[in-house]
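Asker: This is the structure, below, for whatever I ask next.
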């Protein structure tokens with residue numbers, strides 16, 4: 001056993017086991033029982049019933065909806081397309097059939113959940129409801145998941161490329177010079193990755209048509225942010241750093257990203273962290289750029305930029321501090337060697 005398996009191998013296997021169990025816990029914890037919680041919707045209703053309707057919808061058990069009244073249909077439609085609401089209910093003043101507007105390109109799960117909740121309320125009042133989708137996904141993006149999978153490929157590619165750079169030099173310690181070279185190497189890799197992803201979802205598969213160069217820029221930022229964090233964590237912790245990168249981007253970041261279920265359908269922990277991590281921010285930017293004219297993307301872009309800058313800063317500072325720690329040891333070793341060389345000639349002649 002000792003000849004075939006070293007202590008280091010056992011420790012690495014234990015780390016892999018923890019990642020495996022964490023993967024199962026995170027994904028199943030996020031997805032096993034999605035429940036709507038404060039899905040944002042807006043209501044346009046006659047003044048006589050508006051206040052009572054908003055109060056009733058907001059008081060539903062479990063708070064599945066977060067409802068606000070707006071003055072007219074144009075404002076409601078604008079809220080939907082600006083991504084500050086997932087549905088808009090228009091109450092008919094003269095008939096018994098109302099209309100619910102949704103935009104499933106922003107994620108069909110939230111739209112479907114909102115429609116089910118509102119429909120149940122409508123039926124309890126002996127009213128009918130028609131659902132209209134004013135912004136459906138593209139033909140090649142039938143369930144609106146292409147944005148999520150595109151960002152998933154970019155984030156995984158970024159940190160795997162960083163890992164390859166760290167291993168390519170025979171696992172040499174990341175000195176300041178090596179760290180700067182590795183960070184610089186991530187720039188062209190990220191750009192080519194952005195182009196490749198945009199080609200696949202655009203001309204090749206027609207999943208996310210249009211906005212080609214916008215997607216290239218987003219992809220470059222996502223891949224570089226992932227790669228910079230990978231370089232930083234591996235500079236700090238070596239092989240353990242790769243595990244930490246997988247934990248952040250894949251185990252925690254992907255299920256909380258809003259790609260499969262939005263935050264309004266996720267348990268509190270995943271809902272809280274999703275948009276603060278690169279997979280969630282990246283998915284939001286891609287979806288809203290392709291389908292909603294770039295609305296509600298500023299915050300997500302800042303998040304991606306912060307991760308990229310943080311990765312650079314941590315990687316450079318870690319390498320610089322390591323150089324400083326090595327310098328006194330090298331100087332001491334040099335002085336010791338000099339003293340030993342001089343010792344035979346130090347006595348009287």
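Values quoted throughout were computed directly from the atomic coordinates according to the rules given, and no laboratory measurement underlies them. Being a predicted model, the structure only gives us computed values, none of them experimental. For neighbour counting, all protein chains shown are included, and Cβ atoms are generated from backbone atoms with ideal geometry for every residue, glycine included.
Asker: Kirkwood Rh over alpha-carbon pairs of region 153-232, then Stokes-Einstein at 20 °C and 1.002 mPa s: what D in µm² s⁻¹, rounded to an integer? The partial results should precede the final answer.
Answerer: Values: Rh = 12.9 Å.
For the chosen part, D equals 166 µm²/s.
Asker: How do 175, 298, 250, 94 line up, fewest other C-beta atoms within 10 Å first?
Answerer: Exposure proxy ranking, most exposed first: 94, 298, 175, 250.
Asker: Separate question: Using Cα pairs under 8 angstrom and six or more residues apart, how large is the relative contact order of the chain, in percent?
Answerer: Answer for the chain is 18 percent.
Asker: Also: So what is the 222 nm mean residue ellipticity for the chain from helices alone, if each DSSP H run of at least 4 adds -39500 (n - 2.57) and you divide by all residues, rounding to the nearest 500 deg cm²/dmol?
Answerer: About -20500 deg cm²/dmol.
Asker: Taking only C-alpha pairs under 8 Å that are 6+ residues apart, what is the relative contact order of region 1-141 in percent?
Answerer: Answer for region 1-141 is 20 percent.
Asker: Kindly identify region 181-317 as rounded, prolate or oblate by the Cα gyration tensor criterion: order the square roots of the eigenvalues as a ≥ b ≥ c, call it rounded if a/c is under 1.5, otherwise compare a/b with b/c, prolate if a/b is larger, else oblate.
Answerer: Because a/c hits 1.5 or more and a/b fails to exceed b/c, region 181-317 counts as oblate.
Asker: Top mean-square fluctuation among 266, 25, 89, Gaussian network model of the chain, C-alpha springs under 10 Å?
Answerer: In this elastic network of the chain, the residue with the biggest mean-square fluctuation among 266, 25, 89 is 25.
Asker: Take the Cα of residue 82, step 7 Å along the line toward its Cβ, and report every residue of region 263-297 whose backbone nitrogen sits under 17 Å from that point.
Answerer: 288-289, 292-297
Asker: What fraction, in whole percent, of alpha-carbon pairs in region 221-285 exceed 16 Å separation?
Answerer: Taking all Cα-Cα pairs of region 221-285, the fraction more than 16 Å apart is 45 percent.
Asker: Taking the DSSP beta bridges in the chain as the whole, what percent of them are antiparallel, to the nearest 5?
Answerer: Just about 20 percent of them are antiparallel.
Asker: Separate question: When N counts the residues of region 59-187, how does its alpha-carbon radius of gyration compare numerically with 2.2 N^0.38 Å, as a ratio?
Answerer: With N residues counted in region 59-187, Rg over 2.2 N^0.38 Å equals 1.69.
Asker: For labels at residue 180 and residue 74 in the simple 7 Å Cα→Cβ model, what's the distance in nm?
Answerer: For the pair residue 180/residue 74, the computed spacing is 5.7 nm.
Asker: Let me ask something additional. Can you give the Rg to Rh ratio of the chain, both from alpha-carbon atoms, with Rh computed by the Kirkwood formula?
Answerer: Numbers: Rg = 27.0 Å, Rh = 23.1 Å.
Expressed as Rg/Rh, it is 1.17.
Asker: Can you tell me the FRET efficiency between residue 96 and residue 66 if r is taken as the Cβ-Cβ distance and R0 is 30 Å, rounded to the nearest 0.05?
Answerer: Computed FRET efficiency for residue 96 and residue 66: 0.70.
Asker: Moving on. How big is the Rg/Rh ratio for region 262-328, C-alpha atoms only, Rh by Kirkwood, two decimals?
Answerer: Dividing the radius of gyration by the Kirkwood radius yields 1.22.
Asker: Separate question: Mind giving me the nanometre distance, one decimal, between the label points for residue 126 and residue 50, set 7 Å out from Cα along Cα→Cβ?
Answerer: In this crude label model, residue 126 to residue 50 measures out at 2.7 nm.
Asker: Angle, helix 47-58 long axis vs. longest principal axis of the chain, Cα atoms, 0 to 90°, nearest 10?
Answerer: Roughly 40 degrees, rounded to the nearest 10.
Asker: In nm, give the distance between the simple-model label positions of residue 116 and residue 12, each being 7 Å from the Cα along the Cα-to-Cβ direction.
Answerer: 4.5
Asker: OK, next. Region 235-250 to region 22-100: how many Å between their Cα centroids?
Answerer: Between the Cα centre of region 235-250 and that of region 22-100, the gap is 39 Å.
Asker: Let me know the volume per residue of the alpha-carbon convex hull for region 39-133, in Å³. Walk me through the intermediate numbers first.
Answerer: Details: hull volume 7.9 nm³, N = 95.
That works out to 84 Å³ per residue.
Asker: Expressed as an acute angle from 0 to 90° and rounded to the nearest 10, what is the orientation of the C-alpha long axis of helix 146-168 relative to the principal long axis of the chain?
Answerer: Rounded to the nearest ten degrees, it is 0.
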